[in-house]
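Q: I have a structure here, written as structure tokens, and I will follow up with some questions on it.
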Amino acid sequence: MVLARQQPDVVHWRRETLEGQVPARMSHSVDRFRADEPPHTINVTELIDAAPLIGPPSWIISLTFLILIADGYDIQSIAFAAPALAVSWGVKRQLLGPVLASGIVGMGIGSVLMGRLADRIGRKLAFCICIGALSAGSLLSAASSNLDQLVLFRFLTGLGLGGAAPLAASLSAEWTPARWRSLAVAIVIVGVPLGGMLGAVVAEQIIPSHGWRSVFLVGAISPVLLLVLSLPKLPESPKYLVGRPMERQRLARALNRLQRGTLFTGSESFSIAEPEPAGRIALVTLVRAPFLATSLLLWTAFSCNTLALYGFVNWLPTVLSASGISLGTALRGSVWFNSGGIIGSVAGSLLIGTYGSRNVGTSAALAGCIAATALGVITSSADHTTTAMMFSLVVLAGASLNGMQAFLYTVSAHSYPTYIRGTGMGAAAAVSRIGGVLSSVVGSAFFAAGLSVGSFFYILAAVILITAVSFFALRRQVPPRRKPA
């Protein structure tokens, strides 16, 4: 690859294979600058898009994926502990609503605070703060002695959980070439349902012998260990560093690592070919042109999908056990739900490359609506020979809801420019927690009213339908990389 000057003071990257000198597979490498030309403005966006996936992008994807496995475990840890906790403390199921809601409220606040913090101090440092907060909250949750304490400590855990997933998605998106970006974000986010699946398996093994507190202890230790082991090699986002003139040396080192050479010294001028902020960024920017319609539709889709998602995540073991199913079988329902989430996130993101996010996301949401409705019918039946069918529908619901969560992060990353991306994604994730809080209200009201188990799933089906409609209406969708055959 050599540099071709297309505009004054702007370097555009053009691949050329020099016959007999550079192998075709290495044509992504940039050999040198022309020493006889004046300083250039380096288009960092084009440089990242021209870079190979193997290298820093794949490292970032792998690292954030592993950390979000621990994050997914912590998100669902209260759901795993809730049935045993209710028995241990002698509390009614509906009284667990505030405990479940406090973590989600913390996630909402954490999404905004950490998103804005990431736009100010960087994705890497804000991400580390998130991991520290969720680990501290989990450790304190294990030591709690009453519901009031548990409410407070789950709120602290939520502050960290709220920022971790959107920041991981943002960091991965900003390091990954455009042709791989949708898949990269989905792979990272799939760590959340994978962590939930592993958590359900772990909880089923450790709760009978070590009690419900052991669930939180595991959730406190694992993310810190992962972060300590990987922190030295976790780089900052190049796109974030572009807007910080004092960080040019650091940016040059990051780009050299990306290009596997020593091409940049830090004396260059860097740009990302995106509109710069007119002034100090405020949240109100998200509800002004040109972001208003995008923000409102994203917030609606996120909120409804999160309501349904956390309805399953937080209440599925408790609701299934209330239908007469054993606790072990109810926990396996969480395993199947999260297994479906892994399938939906990965398979759906691959399909986005062919059909685009609008078609894939809308279809996934409609499939989830059908699955929840069918679950309502089956769980209302007294015939437990339908357990296999029930778990099949749980898998489909998990694929739909977790897949949609990954699609929404991908679309939100696509919808905002770099200078406001952290704030935009954080705000979308924060508003979505309204749905998460409402899921706690729905669960508590369900038990308080003594409704049939099927009613719980019918309510969630209606909410998923709203997700499908609002997602379909989004204008800023990820286009297909290629036309379907």
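Q: I'd like the full set of residues that are part of a helix (DSSP H, G or I) and of a type in the set (S, T, N, Q), limited to segment 169-186.
A: Matches in segment 169-186: Ser170, Ser172, Ser182.
Q: If I go through segment 190-244 residue by residue, how many of them are part of a helix (DSSP H, G or I), of a type outside the set (D, E, K, R) and touching a residue at least 12 places away in the same chain (Cβ under 8 Å)?
A: Number satisfying all stated conditions: 34.
Q: Quick one: would you say Leu393 is free of Cβ contacts under 8 Å to residues at least 40 places away in the same chain, more than 21 Å from Gly195 (Cβ to Cβ) and surrounded by 23 or more Cβ atoms within 10 Å (Cβ to Cβ)?
A: Answer is yes for this residue.
Q: Quickly run through segment 174-193 and pick out the residues that are of a type in the set (Gly, Ala, Ser) and over 10 Å from the mean Cα position of the chain (by Cα).
A: Matches in segment 174-193: Ala178, Ser182, Ala184.
Q: Of these, Glu236, Glu247, Glu276, which one is of a type in the set (Asp, Glu) and at pLDDT 75 or above?
A: Answer to the check: Glu236.
Q: Now for a separate question. Surrounded by 21 or more Cβ atoms within 10 Å (Cβ to Cβ), in contact (Cβ under 8 Å) with a residue 24 or more places away in the chain and not in a helix (DSSP H, G or I): which single residue out of Val411, Val437, Val478 fits that description?
A: Of the residues listed, the single one that is surrounded by 21 or more Cβ atoms within 10 Å (Cβ to Cβ), in contact (Cβ under 8 Å) with a residue 24 or more places away in the chain and not in a helix (DSSP H, G or I) is Val478.
Q: Shifting gears a bit: Name the residue, out of Ala371, Ala365, Ala322, Ala347, that is under 25 Å from the mean Cα position of the chain (by Cα) and either surrounded by fewer than 20 Cβ atoms within 10 Å (Cβ to Cβ) or among the basic types (Lys, Arg) (or both).
A: Selected residue: Ala347, the only one of Ala371, Ala365, Ala322, Ala347 that is under 25 Å from the mean Cα position of the chain (by Cα) and either surrounded by fewer than 20 Cβ atoms within 10 Å (Cβ to Cβ) or among the basic types (Lys, Arg) (or both).
Q: Here's another thing I want to ask about it. Consider segment 136-168. How many of its residues are farther than 30 Å from Ser349 by Cα, assigned to a helix (DSSP H, G or I) and modelled with pLDDT under 90?
A: The qualifying residues number 2.
Q: A further question follows. List pairs: first in segment 269-297 and over 15 Å from Ser415 (Cα atoms) and among the polar types (S, T, N, Q), second modelled with pLDDT of 75 or more and part of a helix (DSSP H, G or I), Cβ under 8 Å, 6+ apart or cross-chain?
A: What qualifies is Ser271/Val44; Ser271/Val242.
Q: Need pairs with beta-carbon distance below 8 Å; first residue over 26 Å from Ala81 (Cβ atoms) and within segment 323-352, second of a type in the set (Phe, Trp, Tyr); sequence gap 6+ or separate chains.
A: Gly348/Phe407; Ser349/Phe407; Ile352/Phe407
Q: So, of the residues in segment 80-100 that are assigned to a helix (DSSP H, G or I) and modelled with pLDDT under 80, which turns out to be surrounded by the most Cβ atoms within 10 Å (Cβ to Cβ)?
A: Step by step, filter segment 80-100, then rank; the result is Leu96.
The values are calculated or read from the model by the stated rules, or taken from the named source; none is laboratory data. These numbers were taken from a predicted model, which means no experiment stands behind them. We place every Cβ from the backbone using ideal geometry, glycine too, and count neighbours over all the protein chains shown.
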